[in-house]
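Structure first, then comments.
The values are calculated or read from the model by the stated rules, or taken from the named source; none is laboratory data. Computed from a predicted structure; not experimentally measured. For neighbour counting, all protein chains shown are included, and Cβ atoms are generated from backbone atoms with ideal geometry for every residue, glycine included. When the accessible area is computed, the model is the full protein with side chains, heavy atoms only, and any ligands, DNA or RNA have been set aside. Shrake-Rupley method; radii C 1.70, N 1.55, O 1.52, S 1.80 Å.
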Amino acid sequence: MKKIALMGHIVAGFPSFEASLKAALGIAQGGAEYLEVQFPFSDPNADGIAITNACEVALQGGFNTDLGFEFIAKLQEKLAQNNLTTKLLIMTYGNILFCYGVKKFLKKAKQCGVYGLIVPDLSLHNDEKLFKKAKKFGLENIALIAPLTKPKRMKRLSKASGAFVYVVARNGITGDTTQID
């Protein structure tokens, strides 16, 4: 069995750019192998009230996709200064990619040293070729496997995904009461 890696999560820009940068660095210093940096989105349909509110605060504070890439670049500098090897993943939604331009987004992500992407509303075979395009840029596009995912689909997702698959522990929205069976 392969190692289960510790992955942290932050909403970039919440409660402020600087505070989220400090939180991200703290998560990396705490031993996270991966850090999911969520680019705030106005309608985060997979997220619960806490993350939705964090996104709203970040967006009201002026956070946008360009600031997201600036955030990633500054965080990469801080990780390097502290000899930390935490891999950064951008978690976002398809609309952000489409509005920014998919190729432009992927190119910018690669330039900033991003390891990969998590885009929950663009799943395999309904991804507008994101899996293939990300691979061309040397980015991992991480597939999600949920508790109700059928074994046959799990195999396809695990083959298409990057270095690992993101296993959703339970059905429901992120940030809700969690009970894992």
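Annotations
- Just so you know, in region 1-30 the residues that are in a loop (DSSP other than H, G, I, E, B) and at pLDDT below 95 include one that is least open to solvent (accessible area, probe 1.4 Å), and it is ALA5.
- The single condition among (1) in a helix (DSSP H, G or I); (2) touching a helix residue (DSSP H, G or I) at 6+ places or on another chain (Cβ under 6 Å); (3) not acidic (Asp, Glu) that LEU59 does not meet is (2).
- From the list LYS87, LYS74, LYS104, LYS108, the lone residue that is surrounded by fewer than 16 Cβ atoms within 10 Å (Cβ to Cβ) and among the basic types (Lys, Arg) is LYS104.
- Filter pass, LEU106 being closer than 25 Å to GLY26 by Cβ, at pLDDT 95 or above and not small (Gly, Ala, Ser): no
- Matching residues, region 125-139, being open to solvent by 20 Å² or more (accessible area, probe 1.4 Å) and either in contact (Cβ under 8 Å) with a residue 40 or more places away in the chain or in a loop (DSSP other than H, G, I, E, B) (or both): HIS125, ASN126, GLU128, LYS129, PHE137, GLY138
- Evaluation of VAL37 against (1) in a helix (DSSP H, G or I); (2) in contact (Cβ under 8 Å) with a residue 24 or more places away in the chain (one fails), failing number: (1)
- Pairs are defined by a Cβ separation below 6 Å, a sequence spacing of at least 6 or placement on different chains, a first member in region 65-82 that is over 14 Å from VAL114 (Cβ atoms) and touching a residue at least 24 places away in the same chain (Cβ under 8 Å), and a second member that is open to solvent by less than 80 Å² (accessible area, probe 1.4 Å) and in a helix (DSSP H, G or I); the pairs so defined are LYS78/LEU25.
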